[in-house]
Structure formats: C-alpha cells, structure tokens
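Colleague: Next up is a structure, given as structure tokens.
The values are calculated or read from the model by the stated rules, or taken from the named source; none is laboratory data. Model, not experiment: these values are computed from the prediction. Glycine gets a Cβ as well: all are built from the backbone with ideal geometry, and neighbour counts include every protein chain shown.
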Amino acid sequence: MKVNSRTLIQIIIYSILAVFIIAAIEIALVFRKVYVPNVQTSGGEPYILYIPSGSSYDDVLELLYTGDLIKNRDDFEWVAEKKDYRAHVHSGRYVIRHNISNNALINMLRSGLQEPVQVVINSARTIQELSEKISQQIEPDADTLIYLLQNEQFIQEYGFDRYTILGMFVPNTYEIWWNTSAEGFVDRMYREYDRFWTRERVGKAADMGLTPNQVITMASIIIKETTKEDEYSRIAGLYVNRLSKGIKLQADPTVIYSIGNFERQRVLTMDTQVDSPYNTYLYYGLPPGPIAIPSVSSIDAVLDYEKHDYIYFCARDDFSGYHVFSRTLEQHNRNARLYQRALNQRNILR
C-alpha cells in the first residue's frame, strides 16, 4: 500500500505524540510514587518511630506497616528499592510527620536524620534505680547499664569505683541520641561531670578539705534530710562543724540507706547498729559514696556552706518540713523529745 507524504507525516506526528503521552503518564506515575504524600499518622500528629540497632530493611517495613503509617505500600517499596534504602538502614529515633511523601520519609531514614531525646537525670538512690530510669529513655536496657556501671575495671577508667559511681551523674536534662550505646552514654555523662566541676567548684571543695566526691556525698545526705532548699547550706555548715570536731555525723538518711528500706519514716536505736560503711552512727566521717544523686543546688550549697556554731538539728514537731538547730546536746535533746512525741501522737512508729 502506497502512503503519501502527508499521511506519513501525520503518522510520525501521532507516533511522537503517543510517545510523549506515554512518557508523560510514566512521569506522572513516578512523580506520584515519589513525591505525592503517602504517609499518614493517627490524628495527623507526629509519630515517633524507633528503629532498634541491628534492624534490617524488612524490620523497618514491619515497623512502618504495624504503625499503619504507609497508605500505598507498593509505591513505598518501589521508591525504597530505587533509592537503595535496603543498604542504608540506620537505627535511631525518627519523628515522622503526617502527609509527607515516600521520598521525604526514605531520605530521612536512609540518611539517619533522627531526632534526639531529652534524657532527664534526677534523684536516684541506687545504680539499679538509675539504670531503670535511663533505660526508659534510650535504647540500652537496664541490665546492660547495671552491668557496665558495676564493672570495676570499666568505671575505674573514669576515676570512680562501686561506691562513688553514682556521683558521676549530674542532674540535668540532656539531648542524647536514642540509640546511643551504654558505653557511649556513660562517656557522655562523664564529660558532663567534668564540665560541671569547674576550677571554681574544685577550688571551693579543696578549701573545705574535701574532694568532689565527698562534696557530692554530703549533698546526697542533705537532700534526704530536708526538702527545703533554704536549709541546705545551714545543714552543710553543721556537717562541716561535726567533721572538723571529729564528731560522727549521725545522719538518719545514711541509716535508712544502710538497711535498704527507703520507705522508713522513723529511725530507731536498733537501726543505728546496722553494720555498714554508710552508717554514720557507727563510723566517723562521710560514707564512701553518695546515698543518692543530689541536686545541683545542694552541691552548690555544700560548696557555699553557712558558717555557724550549730552541731545538732532535729525536725520541727509541727511537721512543716523545717528543722530546729542547736549548739548544745541539752537543747537538741529537748527538741528531739518534742519531735518524738509528735511522731507518737501520729502513730508513726517506723
């Protein structure tokens, strides 16, 4: 069949148009897969995705699908394969926002663009309690942290031992990557400790004849003696007086720490006989380490202790949380009897 030139031109034009149309359709399909929003979160609120260390590509898919985050899974996996996400899986804590595209989500995940957590370090009495709190905020579990913080060889590298290690943790809120290792976490805390103990603070401790650990230990007793910050420096001055005169501290919180019953409200004479290096009724000087993580304000109160002549103090019998201070044993015994009577009246026996 003979085709004239005009018909041939039309065929060529239509063929070119068909190619363009097909190409446009293909481009539109690819654009939809890559750039059209395909991520949904409950209520449109940001979703926190935790990818554990050692996770595979398939593990991440399961996490995404379990969270019901991907509307069109085929499109997501197509883009993931094209961007070779399988070979670039990074653990971490990722904040996924509603209505973003496959491209945006995969770029974030394959680049490891996670967001840090705000790790709160506050009062804890033991390594076990501290580890439990930390494990609820970052990836390492409590058992791993406990093992590490009780490993003498490891903590000695930082200048601590099993008695003093609790004092390395300075209360504050820290930005930390969720997938930080246990070792990395301890190293970060040591750097924060080193930053906290400025030349000025170390100098004040030295002027008192104390090491930073001893200052922390004294502060840890003080925060368990009172909840009133305006008493911190006065109690610190009292302890300094007792230490300088060679008088036992006889601090009830150290007895409570020795017997391990932190719910105890009243210390009896029999409790003060528990043989423990932390029992300041039996042993002179400060305990070998802190009985809790003290607040920054209590540490600074020790360093700036109030200078006075008080040797004794006792809780007020009005249960206000404040204390009465005295210079003589006679005054103290009178105050103590008033408080003990108030305890009896309230039937607080232990």
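Colleague: So is residue 93 of a type in the set (D, E, K, R), surrounded by 12 or more Cβ atoms within 10 Å (Cβ to Cβ) and touching a residue at least 60 places away in the same chain (Cβ under 8 Å) or not? Quick ask: steps written out before the conclusion?
Modeller: Values: of a type in the set (D, E, K, R): yes; surrounded by 12 or more Cβ atoms within 10 Å (Cβ to Cβ): yes; touching a residue at least 60 places away in the same chain (Cβ under 8 Å): yes.
Judged against the criteria, residue 93 is a match.
Colleague: So which pairs qualify, if the first residue must be in region 240-260 and under 16 Å from residue 290 (Cα atoms) and without any contact (Cβ under 8 Å) to a residue 24 or more places away in the chain, the second must be of a type outside the set (D, E, K, R) and part of a loop (DSSP other than H, G, I, E, B), the Cβ gap must be under 7 Å, and the two must be at least 6 apart or on different chains?
Modeller: Short answer, once both residue conditions are applied: 258/274; 258/276; 258/278; 258/279; 259/274.
Colleague: Starting from residues that are of a type in the set (A, V, I, L, M) and part of a loop (DSSP other than H, G, I, E, B), keep the ones in region 99-123 and report whichever is surrounded by the fewest Cβ atoms within 10 Å (Cβ to Cβ). Step through it out loud before you land on a result.
Modeller: The initial filter retains those residues of region 99-123 that are of a type in the set (A, V, I, L, M), namely 100, 104-106, 108-109, 113, 117, 119-121.
From what's left, part of a loop (DSSP other than H, G, I, E, B): 100, 113.
Numbers: 100: 16, 113: 12.
The selected residue is 113.
Colleague: Take residues that are in contact (Cβ under 8 Å) with a residue 60 or more places away in the chain and under 26 Å from residue 51 (Cα atoms) and tell me which of the helices (runs of 4 or more DSSP H) falling wholly in region 124-194 contain 1 or more. Lay out the reasoning, then the answer.
Modeller: Working: elements: 127-135, 142-149, 152-156.
Filter on region 124-194 gives 127-135.
Colleague: Here is a further query. For region 54-88, name all the residues that are out of contact with any strand residue (DSSP E or B) (no Cβ under 9 Å at 6 or more places or on another chain), more than 15 Å from residue 108 (Cα to Cα) and either outside the structural domain of residue 106 (by TED's automatic domain parsing) or in a loop (DSSP other than H, G, I, E, B) (or both).
Modeller: Hits for region 54-88 are 54, 55, 56, 68, 72.
Colleague: Is it true that some residue in region 282-291 is at pLDDT 90 or above and farther than 21 Å from residue 164 by Cβ? Write out each step before concluding.
Modeller: Initial filter on region 282-291 (at pLDDT 90 or above): 282-291.
Add one more test, that the residue is farther than 21 Å from residue 164 by Cβ, and what stays is none.
No, the conditions are met nowhere in region 282-291.
Colleague: Answer yes or no as to whether residue 254 is of a type in the set (Val, Ile, Thr) and touching a Pro at 6+ places or on another chain (Cβ under 7 Å). Steps first, please.
Modeller: Values: of a type in the set (Val, Ile, Thr): yes; touching a Pro at 6+ places or on another chain (Cβ under 7 Å): yes.
The answer is yes for residue 254.
Colleague: Counting only residues that are within 24 Å of residue 340 (Cα to Cα) and exposed (fewer than 14 other Cβ atoms within 10 Å of the Cβ), how many does region 267-298 have?
Modeller: 4
Colleague: Then there's this: Do we have any residue at all in region 294-307 that's more than 30 Å from residue 165 (Cα to Cα) and in the same structural domain as residue 239 (by TED's automatic domain parsing)?
Modeller: Filtering region 294-307 down to residues more than 30 Å from residue 165 (Cα to Cα) leaves none.
No, region 294-307 contains no residue that is more than 30 Å from residue 165 (Cα to Cα) and in the same structural domain as residue 239 (by TED's automatic domain parsing).
Colleague: For a quick check of your reading of the model, give me the residue pairs whose first member lies in region 299-327 and is in contact (Cβ under 8 Å) with a residue 12 or more places away in the chain and surrounded by fewer than 17 Cβ atoms within 10 Å (Cβ to Cβ), whose second is of a type in the set (Lys, Arg) and in a loop (DSSP other than H, G, I, E, B), with beta-carbon atoms closer than 7 Å and at least 6 apart or on different chains.
Modeller: Filtered contacts from region 299-327: 309/327; 321/228; 322/228; 322/316.
Colleague: Also, I was wondering about something else. Would you be able to tell me the number of residues in region 230-280 that are among the β-branched types (Val, Ile, Thr) and touching a Leu at 6+ places or on another chain (Cβ under 6 Å)? Give the steps one after another, and end with the answer.
Modeller: Taking region 230-280 and keeping what is among the β-branched types (Val, Ile, Thr), we get 235, 240, 247, 254-256, 259, 267, 269, 272, 274, 280.
Imposing the further condition that a residue be touching a Leu at 6+ places or on another chain (Cβ under 6 Å) reduces the set to 280.
Looking only at that region, the number is 1.
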